Amino acid sequence: MALKIGIFYDKGSHFEGMLETRKLHDLGNIIIDPYDKSPDSSEPDYIVRTGQFQIGRGWKQTTKDEEREYINLILDDPHMEEEIRARLVKQGDQHILLWERMVA
């Protein structure tokens, strides 16, 4: 079962919100900005940052039934024990960040 670890709002040109975990809440305001990438590249569609610091990247995805879009995010920082993989999905007037522990 996926856990909600953040709430974000679409600000038109970017997403803005907070991470809601005990360790990551201190990061403060998180911005998910579109990344100007070259066509047909594997570069991310979004850059995730807090203040001046980049803490992740994201790629646009579509559900298997192609009805809903979401963003796959990878959050990482030298202070984190390991990267966090999560997905940003629209829910009503907000977007929620969902995380599931990877099973080996």
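Residue check: Ile32 meets all listed conditions (1) surrounded by 14 or more Cβ atoms within 10 Å (Cβ to Cβ); (2) out of contact with any Phe, Trp or Tyr (no Cβ under 6 Å at 6 or more places or on another chain) but one, namely (2).
Name every residue in region 4-63 that is small (Gly, Ala, Ser) and either over 18 Å from Ile74 (Cβ atoms) or in contact with a Leu (Cβ under 9 Å, 6 or more places away or on another chain) (or both), in order of residue number. Reasoning before the result, please.
Residues of region 4-63 that are small (Gly, Ala, Ser), as a first pass: 6, 12-13, 17, 28, 38, 41-42, 51, 56, 58.
Scanning region 4-63 gives Gly6, Gly12, Ser13, Gly17, Gly28, Ser38, Gly51, Gly56, Gly58.
Going through region 85-104 one residue at a time, which ones are touching a Phe, Trp or Tyr at 6+ places or on another chain (Cβ under 8 Å), under 15 Å from Gly6 (Cβ atoms) and either without any contact (Cβ under 8 Å) to a residue 40 or more places away in the chain or not aliphatic (A, V, I, L, M) (or both)? Full working, then the answer.
So the first thing to find is which residues in region 85-104 are touching a Phe, Trp or Tyr at 6+ places or on another chain (Cβ under 8 Å), and the list is 85-90, 93-97.
Restricting the remaining residues to those that are under 15 Å from Gly6 (Cβ atoms) gives 85-90, 94-97.
Arg85, Arg87, Val89, Lys90, Gln94, His95, listed by residue number.
Candidates in region 1-26 are the residues that are part of a loop (DSSP other than H, G, I, E, B), in contact with a strand residue (DSSP E or B) (Cβ under 8 Å, 6 or more places away or on another chain) and at pLDDT below 90; of these, the one that is nearest to Arg101 (Cα to Cα) is Ala2.
In region 34-74, what count of residues is obtained for those that are part of a loop (DSSP other than H, G, I, E, B) and without any contact (Cβ under 8 Å) to a residue 24 or more places away in the chain?
Quick first cut of region 34-74, residues part of a loop (DSSP other than H, G, I, E, B) only: 35-45, 51-52, 63-68.
With without any contact (Cβ under 8 Å) to a residue 24 or more places away in the chain added as a condition, the list becomes 35-44, 51-52, 63-68.
So the answer is 18.
The values are calculated or read from the model by the stated rules, or taken from the named source; none is laboratory data. Everything quoted here is computed from the prediction, not taken from an experiment. Every residue, glycine as well, gets a Cβ built from its backbone with ideal geometry; the counts of neighbours run over all protein chains shown.
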